[in-house]
Amino acid sequence: MYFKVFFNLILLISLFAFQAGFVSGSSFIFNDLNFLLVILIFILVLSGEEKAFWWALGFGFLLDIYYFNIFGLNLFILPLMVLIAKFLLANFLTNKSIYTFLTLVLFSLLFYELAFLLFYYLLSSVETSFYFEFELRQIFKIFVSKIFVNFLLTLLIFYSLGFINKQFSSVTLSSREK
Amino acid sequence: MFKRNKKIIILVAVMLLIFLHFTKILRPIENLFLIGLNPVISNFYSVSSNLKSAYVEQNDKRDLTKIVKRLEEENKRISVENAKLKTLESENRKLRQHLRFLVENNYNYTLANVVSRENFNDEQSILIDKGRVHGVEEGLAVVDSYGMIVGKIAEVKDRISKIHLITSDKCKIAASIQNRNRTIGVAEGELGLTVRMKLIPQIENIEVGANVVSFGFDGKIPRGLLIGKVKTVEKDSNEVWQEAIVEPLANLRDLTIISVLFP
């Protein structure tokens with residue numbers, strides 16, 4: 001059990017380091033990739049909510065100590081995001097098809113980005129010393145760039161897993177075997 | 001099924017972490033994580049940055065790229081030298097008038113690795129692996145290997161600091177144009193692409209191509225650090241002030257090592 005925890009911890013920290021270092025230093029739209037969010041969705045669907053919550057807590061802690069956001073923001077938003085994704089998965093998206101993953105990634109990205117924007121907007125309204133300006137091009141960046149590139153990442157991971165393990169082989173809603 | 005009490009445990013853990021952070025009890029553990037993470041993240045960032053540079057180079061014609069790069073390097077070196085000489089010349093004149101004050105050319109500095117970029121809210125910010133324990137404080141100037149200013153320290157933690165790049169609208173630096181009148185204004189980043197110098201009196205004559213350097217008004221940023229060159233001048237006789245668009249000369253895309261200058 002302790003080996004499992006240690007292994008998960010190393011994997012979590014490595015993924016965070018990759019996201020914070022490699023992805024943030026990339027050019028063009030590749031720096032909009034959000035490995036942490038996409039991996040959380042995959043863990044939620046494939047391994048269950050308990051593991052997803054602990055991973056969300058780990059990612060949230062690392063994001064909060066490393067970056068200069070208000071401490072606790074990621075710690076709250078990521079587990080909340082997992083909770084909402086779990087609700088969607090249990091009530092609306094009941095299979096493990098690629099469409100499920102894409103839908104969950106879409107909702108998660110929107111929730112994560114908009115939660116941040118909303119928090120900082122509210123903070124700037126209350127705290128006069130804190131300045132926050134919302135620009136329309138951020139909407140473009142969220143809706144076009146980030147969603148598109150993270151959809152590509154989801155497809156890549158989904159089909160790679162399907163290639164490695166037949167249990168996760170892709171399922172399309174339109175194919176029906178007679 | 002994930003039991004409800006486990007969700008409560010997660011919530012309590014979150015509240016506890018936040019409490020321990022703000023009471024500074026968690027700080028040693030946070031610093032331990034940062035000490036361990038910084039080298040790894042820094043290496044990832046370097047690899048990514050090198051790949052980015054290699055990709056950019058591949059797209060250019062090789063011969064032309066080499067010539068242009070060589071000329072750019074030489075131009076930057078000459079611009080920095082020129083800016084320093086002009087600043088020195090002006091300061092020497094004042095020395096003769098007041099018979100005191102030494103021109104200091106050697107700066108106190110610390111080198112730092114760029115480890116990450118912040119993406120939230122489209123900020124033009126980078127993170128470096130030096131912080132409060134290394135003497136870094138808010139408001140200090142950050143320069144590249146040519147001595148050209150790339151930004152200002154915005155926020156500081158124990159072992160990591162955030163820099164607003166000069167093209168960020170959150171970066172404001174008192175600047176002067178190296179013209180006859182040593183026109184003073186405020187250089188402010190714009191749209192993450194360029195720098196706009198504001199609050200220039202209408203009566204000042206600004207020439208395109210003139211060097212823009214730091215003014216050193218607040219004492220934290222040394223004088224004479226090259227910011228860029230005037231690209232266009234926006235002058236409207238109905239306005240109180242005129243403005244100049246400044247093209248930053250530092251390469252802000254491929255920063256991997258920078259220097260933080262101490263006053």
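Out of A:I29, A:I13, report the one residue that is in a helix (DSSP H, G or I), at pLDDT below 90 and hydrophobic (A, V, I, L, M, F, W, C).
Just one listed residue meets the conditions, A:I29.
A quick yes/no check of all residues on (1) of a type in the set (D, E, K, R); (2) closer than 23 Å to B:Y146 by Cβ; (3) assigned to a strand (DSSP E or B):
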| residue | (1), (2), (3) |
| --- | --- |
| B:G189 | no, yes, yes |
| B:I200 | no, no, yes |
| B:G224 | no, yes, no |
| B:V230 | no, yes, yes |
| B:S237 | no, no, no |
| B:Q242 | no, no, yes |
| B:E247 | yes, yes, yes |
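Is it true that some residue in the stretch A:120-129 is small (G, A, S), assigned to a helix (DSSP H, G or I), more than 9 Å from chain B (Cβ to nearest Cβ) and open to solvent by less than 70 Å² (accessible area, probe 1.4 Å)?
yes
Any residue in the stretch A:79-92 that is surrounded by fewer than 16 Cβ atoms within 10 Å (Cβ to Cβ), in contact with a Ser or Thr (Cβ under 9 Å, 6 or more places away or on another chain) and either among the polar types (S, T, N, Q) or more than 15 Å from A:L40 (Cβ to Cβ) (or both)?
Yes; the residues of the stretch A:79-92 include at least one that is surrounded by fewer than 16 Cβ atoms within 10 Å (Cβ to Cβ), in contact with a Ser or Thr (Cβ under 9 Å, 6 or more places away or on another chain) and either among the polar types (S, T, N, Q) or more than 15 Å from A:L40 (Cβ to Cβ) (or both).
Of A:L9, A:L40, A:L15, A:L46, which residue is open to solvent by less than 10 Å² (accessible area, probe 1.4 Å) and more than 9 Å from chain B (Cβ to nearest Cβ)? Can you show your working first?
Working: A:L9 fails: open to solvent by less than 10 Å² (accessible area, probe 1.4 Å); A:L15 fails: open to solvent by less than 10 Å² (accessible area, probe 1.4 Å); A:L46 fails: open to solvent by less than 10 Å² (accessible area, probe 1.4 Å).
The unique qualifying residue is A:L40.
The values are calculated or read from the model by the stated rules, or taken from the named source; none is laboratory data. Note that the structure is a prediction, hence the values are computed from the model and not measured. Note: ideal-geometry Cβ built from the backbone for every residue, glycine included; neighbour counts use all protein chains shown. Side chains are part of the model used for accessible areas, which takes the heavy atoms of the whole protein and leaves out ligands, DNA and RNA. Shrake-Rupley method; radii C 1.70, N 1.55, O 1.52, S 1.80 Å.
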